[in-house]
1. Quick one: length gained pulling Ser58 to Tyr82 fully straight, 0.36 nm per residue minus the C-alpha distance?
2. Give the peptides 36-44, 91-99, 65-73 in descending order of average Cβ contacts within 10 Å, highest first.
3. Set the bar at 28 Å for Cα to Cα. Now go through Lys45/Lys89; Lys72/Lys103; Lys22/Lys98; Lys64/Lys103; Lys45/Lys85 and name every pair that lies beyond it.
4. Determine, for each peptide in 25-31, 56-62, 77-83, the mean count of other beta carbons within 10 angstrom over its residues, then list the peptides with the highest first.
5. Rounded to whole Hz and in sequence order, give me ³J(HN,Hα) for segment 94-102 from the Karplus expression 6.51 cos²θ - 1.76 cosθ + 1.60, θ = phi - 60°, writing x for Gly and Pro.
6. Pop out the ³J(HN,Hα) list for segment 25-32 in order, Karplus 6.51 cos²θ - 1.76 cosθ + 1.60 with θ = phi - 60°, rounded to Hz; leave Gly and Pro as x.
7. By how many nm would the segment from Tyr69 to Ala39 lengthen if fully extended, with 0.36 nm per residue of separation less the alpha-carbon distance?
8. Output ³J(HN,Hα) for segment 37-50: one whole-Hz value per residue in order, computed from phi by the Karplus curve 6.51 cos²θ - 1.76 cosθ + 1.60 with θ = phi - 60°, and x for Gly and Pro.
Amino acid sequence: SEYHVKYQQADNAKLWNDDNRKIYWKDGDRIYSFAAVFAPGNLEKELTHHWEWMDPVSGEWQLKDTISYTIKGGRAEGWRGYTYKTRMKHGDWRVEVKTPENKLIGRSHFQLIYLDSLHRSSEERVF
């Protein structure tokens with residue numbers, strides 16, 4: 001099966017920087033978070049995406065959703081998974097990937113910008 005992903009190229013992207021993209025969105029769009037995990041062949045583990053929004057008033061991250069899925073090891077290219085949300089607020093977001101023991105194994109940041117009269121070209125990749 002194929003995955004079609006539309007995204008905007010990050011400004012001044014450098015491989016060693018944390019992911020920090022601007023995502024232009026409108027009502028009804030799905031916002032996805034992808035994770036790739038390299039795991040030994042006998043590993044079976046639940047992972048959870050913690051979707052957090054930065055409250056501009058308090059300056060604190062607020063947990064908005066947790067979505068879990070199970071990975072199974074043994075694939076040379078690693079195991080890939082994703083979660084998505086549809087009801088979101090504009091602003092700064094992060095998705096933390098954690099184990100059941102609450103160990104952080106990955107994090108992505110993005111800024112969600114409501115697409116009203118803005119037009120921004122996007123690239124599409126097929127996986």
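Quick note: the coordinates plus some simple rules give every number you see, no bench work behind them. Treat the numbers as computed from the prediction; the structure is a model and nothing was measured. As a convention, Cβ positions derive from the backbone with ideal geometry for all residues, glycine included, and neighbour counts pool all protein chains shown.
1. Details: separation 24, 0.36 × 24 = 8.64 nm, distance 2.92 nm.
Roughly 5.7 nm would be gained on extension.
2. Numbers: 36-44: 11.4, 91-99: 18.0, 65-73: 13.4.
Result, highest mean Cβ count within 10 Å first: 91-99, 65-73, 36-44.
3. Working: Lys45/Lys89 30 Å; Lys72/Lys103 18 Å; Lys22/Lys98 23 Å; Lys64/Lys103 19 Å; Lys45/Lys85 22 Å.
Too far apart for the 28 Å limit: Lys45/Lys89.
4. Working: 25-31: 11.7, 56-62: 9.4, 77-83: 14.4.
Listed from highest to lowest mean packing, they are 77-83, 25-31, 56-62.
5. Working through the residues one at a time gives 9, 10, 9, 9, 10, 8, x, 7, 6 Hz.
6. Going residue by residue, I get 9, 10, 3, x, 5, 9, 10, 9 Hz, with x marking Gly and Pro.
7. Numbers: separation 30, 0.36 × 30 = 10.80 nm, distance 1.46 nm.
Once the chain is fully extended between Tyr69 and Ala39, it gains 9.3 nm.
8. So the Karplus estimates, Gly and Pro as x, are 10, 8, 9, x, x, 9, 7, 9, 8, 8, 10, 10, 8, 9 Hz.
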